[in-house]
Amino acid sequence: MRILVVEDDKDLNRQLVSALTDSGYAVDSAADGEEGYFLGDTEPYDVVILDIGLPKMDGISVLEQWRRANRVMPVIILTARDRWSDKVAGMDAGADDYVAKPFHMEELLARVRAQVRRATGHAKSEIECGPVRLDTKAARVTYDGQQVKLTSHEYRLLAYLMHHNGRVVSRTELVEHLYDQDFDRDSNTIEVFIGRLRKKIPSDMIETVRGLGYRMQAKAEPQKSDEV
Ligand code: CA
């Protein structure tokens, strides 16, 4: 999952980037409204964290312009504690949630997980796919109850496939959602990581759909509708 942080307070921006990175997300950040607007308009993000008070273009305007351009990614706005009117304006401009400053990082991370869940159609923080279970809160994967040791890139890839289980995910989509903008992107590396994951969980759970991408599903429960 890839997240955009738009926050002009340097310390807070750095704290957000580091907490989100530690939680297993690919993170891009912007320090003003114009740069934030541009990134959100051109790159696919799974969640955006958007400050309201920003230089060059305020957060409400950024959000309004994204929504006008049919950018539908979940957006969590950061508001000042005593500015209830910002929360109302933000929600009306198309925000999905808000966090008032100052906030506990744990609360923000929980709200990010909730937005990712909602956007991918999951109600629970644990996602099961046959014998493989993803605990999104602990950023941990187990197979038959045993923890699977994963590098951060392997975790990101498996977490993305599990959030979208049953659906074919293209290599381009994976590259766009697993790496931040500064990463040297090469879709061949996806293949390498898929190969490694297949050694850590039942190899037939990640199916290669020729010319289209990859699909993760529990083989014990084939979905008839996929055979059409
Ligand atoms: Ca600010």
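How would you classify the chain from its alpha-carbon gyration tensor, with a ≥ b ≥ c the square roots of the eigenvalues: rounded for a/c under 1.5, else prolate if a/b is greater than b/c, otherwise oblate? Since a/c reaches 1.5 and a/b is larger than b/c, the shape of the chain is classed as prolate.
Taking the charge dipole of the chain about its Cα centre, with +1 at Lys and Arg Cβ atoms and -1 at Asp and Glu Cβ atoms, the residue from Gly53, Asn70, Thr136 reaching farthest to the positive side is Thr136. For the chain, the antiparallel share of DSSP beta bridges with both residues in that region comes to about 45%. For the chain, the longest principal axis of the alpha carbon atoms and the long axis of helix 33-42 meet at an angle near 30°.
In segment 2-120, taking the dipole from charged Cβ atoms about the Cα centre, the farthest positive-side position among His104, Val116, Asn13 is held by Val116.
Extension gain for the segment Ala80 to Glu106, taken as residue separation times 0.36 nm less the Cα-Cα distance, is 7.6 nm to one decimal. Eigen-decomposition of the gyration tensor built on the alpha-carbon atoms of segment 95-144 gives equivalent ellipsoid semi-axes of 25, 13, 5 angstrom, largest listed first. Modelled spin-label separation between Gln181 and Met91, with each label point placed 7 Å from Cα along the Cα-to-Cβ direction: 3.1 nm.
Multiplying the residue separation of Glu207 and Asp41 by 0.36 nm and removing their Cα-Cα distance gives an extension gain of 56.6 nm. Per residue of the chain, the DSSP helices (runs of n ≥ 4 H) give a summed -39500 (n - 2.57) that works out to -12500 deg cm²/dmol at 222 nm. For Lys10 and Ser125, a Förster radius of 30 Å and the Cβ-Cβ distance give a FRET efficiency of 0.45, rounded to the nearest 0.05. If only the Cβ of Lys and Arg carry +1 and only the Cβ of Asp and Glu carry -1, the dipole of the chain around its Cα centre is close to 920 debye. Here the Kirkwood formula puts the hydrodynamic radius of segment 2-120 at 13.8 Å, using every distinct Cα pair.
Overall, the accessible surface of the chain at a probe of 1.4 angstrom is composed of carbon and sulfur to the extent of 47 percent. Rounded to the nearest 10 degrees, the angle from helix 10-22 to the longest Cα principal axis of the chain is 10 degrees. Accessible area per residue for segment 126-216 is 51 Å², calculated with a 1.4 Å probe on protein heavy atoms, without ligands, DNA or RNA.
Pairs over the 28 Å Cα-Cα cut-off, from the set Lys137/Lys200; Lys124/Lys219; Lys87/Lys137; Lys137/Lys199; Lys56/Lys124: Lys56/Lys124. Computed from Cα atoms, the angle from the helix 187-200 axis to the main principal axis of the chain rounds to 60 degrees.
Please work out the Cα center distance from segment 99-139 to segment 168-205, rounded to the nearest Å. Segment 99-139 and segment 168-205 have Cα centres spaced 21 Å from each other.
The values are calculated or read from the model by the stated rules, or taken from the named source; none is laboratory data. This is a predicted model, so every value here is computed, not measured. Glycine gets a Cβ as well: all are built from the backbone with ideal geometry, and neighbour counts include every protein chain shown. Areas reflect the complete protein model, heavy atoms only, side chains present, ligands, DNA and RNA absent. Shrake-Rupley method; radii C 1.70, N 1.55, O 1.52, S 1.80 Å.
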